[in-house]
Structures are given as structure tokens and as C-alpha cells.
């Protein structure tokens, strides 16, 4: 039968007592200074110290448009917080906005699209770049095939009724303005709608 070693336990207890703030406060150390520190807390560094880039963004959740600061190290996002310069949120974020970092870096985040070819019964996984190219190609082809410059009576309409656009509530006014200019002005789409209830 082996005798348990007590040295590691004694070292842990001594370390705990050394780091515990109450004995340090009772011995007269500064309550808000050294007495509050531990070996672990002295070695802690803020995540933001490692950032080599800081960018601005808008929270993607609702139409309020809260501004965010995005901290990155290389090409990796390391922190997201509210931007205090914003007159909208003044640096605050709701629980969903505060969780932006979590979903942006989630290993389960879907980065591909599901595609089912015409008449196929199977779904395929395709890269996002492929999907964007395909959407652009189909929009251009549909517009070219269905574009009506004039009505039979000569009235200029420059539109297509074959494509529609539905925007989401996460878009701000500026984004909706640009979408309207692209869809109605550039592509000639008549049906441009938004599901926002603001």
C-alpha cells in the first residue's frame, strides 16, 4: 500500500492562502490593489491586446443598426463589442448582438449551400462562391430574356416582371436604398419588397 503524497496538497493550500484576498487584507495590504490580485489574475491579459486590426460593422440581427467594433488578429476575429461612437447604441448591444462573436466563430456555422439541380432528387453541397456566381448568372439571363423596354403603345417601361426581391429586417436604410437602386433602377425589377415591420 502506497502512502499518498501530501506535498502537492500542501503546495496547493499554501498557494491558495497566498492568493486568497482575506488574509492579505487582514495583514494590511491594499484592499483594492495587491490584496485583490492573485498569481493567475496578474498573468491575465485582455484579448484585445492581441488585435492588429479594428474594423467597424453593423449588428446583423434587427433593423435598429447597432454599430460594432470588430477586433481581428490576422484574418481571425478575436472580439466584437458595441461601438461607443454610435449615436444609435452608444456602445451597448442586446444579448443577440453581444453574441455575434460566438456565431461568427462557431465551428458549426454553415459555410456552404445546398443545391438541388433541376429534376434531381438529391441535394449537393456547393461552395458559397459557386452559389453567388450561379445566382448572378441566372438573374442576368432571366433579365435579358424577359426585359421589356416599351409597351405595345410605345410607353417606355424598361422593366422585367420575371424577377422579384424580398429584403430582410436586418438591413439598414442605406442598404435598402442601394438594393432598391440596383433592383429597380439597374435591373428594372418591379416587385421589390421588404419584410421589415419597422
(message) On a full-extension model of 0.36 nm per residue, what is the gain between residue 180 and residue 150, subtracting their alpha-carbon distance, rounded to one decimal in nm?
(response) 8.7 nm
(request) Could you please rank 148, 70, placing first whichever residue has the fewest other Cβ atoms within 10 Å of its Cβ? (result) 148, 70
(message) Under a crude label model (7 Å from the Cα following the beta-carbon direction), how far is residue 90 from residue 164 in nanometres?
(response) 4.2
(request) Tell me, rounded to the nearest percent, the portion of alpha carbon pairs in the chain spaced more than 31 Å apart. (result) 53
(message) Using a 7 Å offset from the Cα along the Cα-to-Cβ direction at both residue 138 and residue 52, what is the distance between the two label points in nm, to one decimal?
(response) 4.0
(request) Could you let me know the centre-to-centre spacing of segment 80-111 and segment 149-198, using Cα atoms, in angstrom? (result) 30
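Bear in mind these aren't lab numbers, they're just calculated from the coordinates by the rules spelled out. All values derive from a computational prediction rather than experimental measurement. Quick reminder, even Gly has a Cβ in these numbers, built from the backbone with ideal geometry, and neighbours come from all protein chains shown.
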